[in-house]
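Okay, structure first, notes after.
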Amino acid sequence: MAEVKLQEGESIESALRRFKRKVQQEDIIKDIKKHSFYLKPGDKRRAKQALAGSVIARKRDARANSLTDPGRHEPAGVWFA
């Protein structure tokens, strides 16, 4: 639980900013969203696999783009067949 004590002479706005930052650092909002509804175990597994697949596809696309990048220079003395 995020807790912020108002320091002497501190404005409410700055204390609220500190509270928001602390909530964000502790991932409280993310945790609340995760527990806001129930997912069956199979649905969790399918969502996790879909996320992993999209990450793999993004990495594969990035690698393909870097290999065909015209600004990319190969080191001198290295020959590719």
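Before moving on, here are some points about what is shown:
- Of 55, 4, all but one fail to be under 27 Å from the mean Cα position of the chain (by Cα), part of a loop (DSSP other than H, G, I, E, B) and modelled with pLDDT of 80 or more; the exception is 4.
- Conditions (1) within 22 Å of the chain's Cα centre (by Cα); (2) of a type outside the set (A, V, I, L, M); (3) modelled with pLDDT of 90 or more: number failed by residue 40: (1)
The values are calculated or read from the model by the stated rules, or taken from the named source; none is laboratory data. Everything numeric in this text was worked out from a predicted model, so none of it was measured.
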